[in-house]
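Data block below; observations after.
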Amino acid sequence: QAPLVESGGGLVQAGGSLRLSCAASGRTLSWSAMNWFRQAPGKQRQLVAAINSEGNTYYADSVKGRFTISKDSAKTVYLQMNSLEPEDTAVYYCNAEIPNDRSRYWGQGTQVTVSS
């Protein structure tokens with residue numbers, strides 16, 4: 001299995017909601033922080049939300065008030081996306097940070113498409 005497994009992407013209309021999940025396994029279960037990035041066609045990769053093991057969160061200005069990042073006891077990380085806009089259309093990736101490990105761990109990406 002991949003170290004990080006993503007799910008929850010899909011096609012929705014503007015104003016709709018989706019919840020993405022990122023399930024850790026193996027070494028990534030030891031993550032100290034988990035990040036959600038997105039990459040839109042022709043655009044630079046953007047950090048949209050992050051959470052650390054203490055529960056502190058970060059959001060990009062463009063998603064504040066609409067997206068919520070959370071974690072559960074199984075160390076799965078979620079991104080609840082409400083009031084989706086066409087500008088949110090992108091491939092979304094999760095990324096794990098692990099103490100004393102400089103390797104980068106990424107999920108496979110999940111497509112989110114928001115129609116007008």
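Determine which single condition Gln80 fails, assuming it passes every other condition in (1) touching a Lys or Arg at 6+ places or on another chain (Cβ under 6 Å); (2) within 18 Å of Ala24 (Cα to Cα); (3) open to solvent by less than 50 Å² (accessible area, probe 1.4 Å).
(3)
If we keep just the residues of region 2-38 that are open to solvent by less than 60 Å² (accessible area, probe 1.4 Å) and part of a helix (DSSP H, G or I), which is farthest from Ser83 (Cα to Cα)?
Filtering first and then ranking leaves Gly26.
Which pairs do you get when a residue that is basic (Lys, Arg), found in region 36-63, comes within reach of a residue that is surrounded by 12 or more Cβ atoms within 10 Å (Cβ to Cβ), reach meaning Cβ atoms under 7 angstrom, with the pair 6+ apart or on two chains?
Short answer, once both residue conditions are applied: Arg38/Gln46; Arg38/Val48; Arg38/Ala90; Arg38/Val91; Arg38/Tyr92; Arg45/Phe37; Arg45/Gln39.
Given the options Gly65, Gly55, name the one that is over 14 Å from Gly16 (Cα atoms), assigned to a loop (DSSP other than H, G, I, E, B), small (Gly, Ala, Ser) and open to solvent by less than 60 Å² (accessible area, probe 1.4 Å).
Within the list Gly65, Gly55, the selection yields Gly55.
Looking at Leu4, Leu29, which is the one that is touching a residue at least 40 places away in the same chain (Cβ under 8 Å), under 13 Å from Asn95 (Cα atoms) and in contact with a helix residue (DSSP H, G or I) (Cβ under 8 Å, 6 or more places away or on another chain)?
Leu4
Name the residues in region 83-111 that are among the β-branched types (Val, Ile, Thr) and either in contact with a helix residue (DSSP H, G or I) (Cβ under 6 Å, 6 or more places away or on another chain) or open to solvent by 50 Å² or more (accessible area, probe 1.4 Å) (or both), would you?
Across region 83-111, the qualifying residue is only Ile98.
Please tell me if Leu47 is over 15 Å from Gly107 (Cβ atoms), part of a strand (DSSP E or B), open to solvent by 40 Å² or more (accessible area, probe 1.4 Å) and modelled with pLDDT of 95 or more.
When the stated conditions are applied, Leu47 does not pass them.
Residues are listed down the side, and each one gets a yes or a no for (1) under 17 Å from Ser115 (Cβ atoms); (2) under 10 Å from the mean Cα position of the chain (by Cα); (3) modelled with pLDDT under 95:
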site	(1), (2), (3)
Gly9	yes, no, no
Gly16	yes, no, no
Cys22	no, yes, no
Trp36	no, yes, no
Ala40	yes, no, no
Val63	no, no, no
Tyr78	no, yes, no
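The values are calculated or read from the model by the stated rules, or taken from the named source; none is laboratory data. What you are looking at is a predicted structure, and each value in this text was computed from that prediction instead of being measured. Positions of Cβ are generated from backbone atoms using ideal geometry, with glycine treated the same way; all protein chains shown enter the neighbour counts. Quick note on the areas: whole protein, heavy atoms, side chains included, nothing else; ligands and nucleic acids left out. Shrake-Rupley method; radii C 1.70, N 1.55, O 1.52, S 1.80 Å.
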